[in-house]
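Notes follow once the structure below has been shown.
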Amino acid sequence: MPVMDEFREEREALKHGTPKQKLDYFLDYYKWPTIAGIAIFIFAASLIYHVVTNKPSAFYGVFINCLTTDELSEAFTQEFADAAGINLKKNNVTIDSSLSLTKGAQDQASYVTVQKMAVYLAAKEIDVLASDVSSFNRYAYLNTIADLRDVLTPEQQALYEPYYFYVDRKVIEEQSEAAENLKESPVEYPDPDKPEEMEDPVPVGLYLTDCDKLDSNFAFTQTPVVIGIIVNSTHTETAVQFLDYLFQ
């Protein structure tokens, strides 16, 4: 008997079969195609959801050695987004306070932070960095923090100069040269408050002293706290807006 005729007879007999017979027939002929179809549907739905909901980043700030709650962080993020004119339905504003770094960076948490920061900096994901002096120095002397004179207007420079945190460009160059020659260079950071003692002082950060907006939402484990703009930030204008927001 031809296969098609046999198939028709089975279908005809199935019309009068029991529910169990119908289920057995379905499992015999359609189980794997149905499972495959469901899997494809779930994958496609997941992909579409990811594409639709993956909003571009408008600002990414990293707060190292900082404590907060989801509620406080979200409220702070929303307030800054409103002040900067950022629509959170279309763009992401992120304050990442999950990173911790100890001096010497020998513990597991510090190792993770160093690796994550390296990846994010290379990918140009971070716009601002806020941390204690020790952690800030680490990245400032890796030449990852922008010279504030390059990103602030003359009026802003005059306003923020009393809060400047300085690094010595000469020391940065010496460390860079030592790294290129595979030589160990002992790290002795100059006093960031004494630019007059530096060979080539560069203002790269601002001390966040008595900053109500920050203090009411975040608690840094070490003080004072310094903030700076990442040199390869892709949202420099928004980063400057963030500084203005904090110092209002």
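The values are calculated or read from the model by the stated rules, or taken from the named source; none is laboratory data. Note that this is a predicted model, so its numbers are computed, not measured. Note that each Cβ is placed from the backbone with ideal geometry, even for glycine, and that neighbours are counted across all protein chains shown.
With respect to Val167, is the statement that it is buried (at least 16 other Cβ atoms within 10 Å of the Cβ), at pLDDT 95 or above and under 17 Å from the mean Cα position of the chain (by Cα) true? In short, no. Counting only helices (runs of 4 or more DSSP H) that sit wholly inside segment 136-241, those with at least 2 residues that are within 23 Å of Leu121 (Cα to Cα) are 148-151, 169-180.
Scanning for something small (Gly, Ala, Ser) and touching a helix residue (DSSP H, G or I) at 6+ places or on another chain (Cβ under 7 Å), does segment 194-211 turn up at least one residue? Yes, some residue in segment 194-211 is small (Gly, Ala, Ser) and touching a helix residue (DSSP H, G or I) at 6+ places or on another chain (Cβ under 7 Å). Yes or no: Thr102 among the hydroxyl-bearing types (Ser, Thr, Tyr), assigned by TED's automatic domain parsing to the domain that holds Leu214 and more than 14 Å from the chain's Cα centre (by Cα)? Against the criterion (among the hydroxyl-bearing types (Ser, Thr, Tyr), assigned by TED's automatic domain parsing to the domain that holds Leu214 and more than 14 Å from the chain's Cα centre (by Cα)), Thr102 qualifies. Scanning segment 105-123 for residues that are closer than 17 Å to Thr94 by Cα and exposed (fewer than 14 other Cβ atoms within 10 Å of the Cβ) gives Val119, Ala123.
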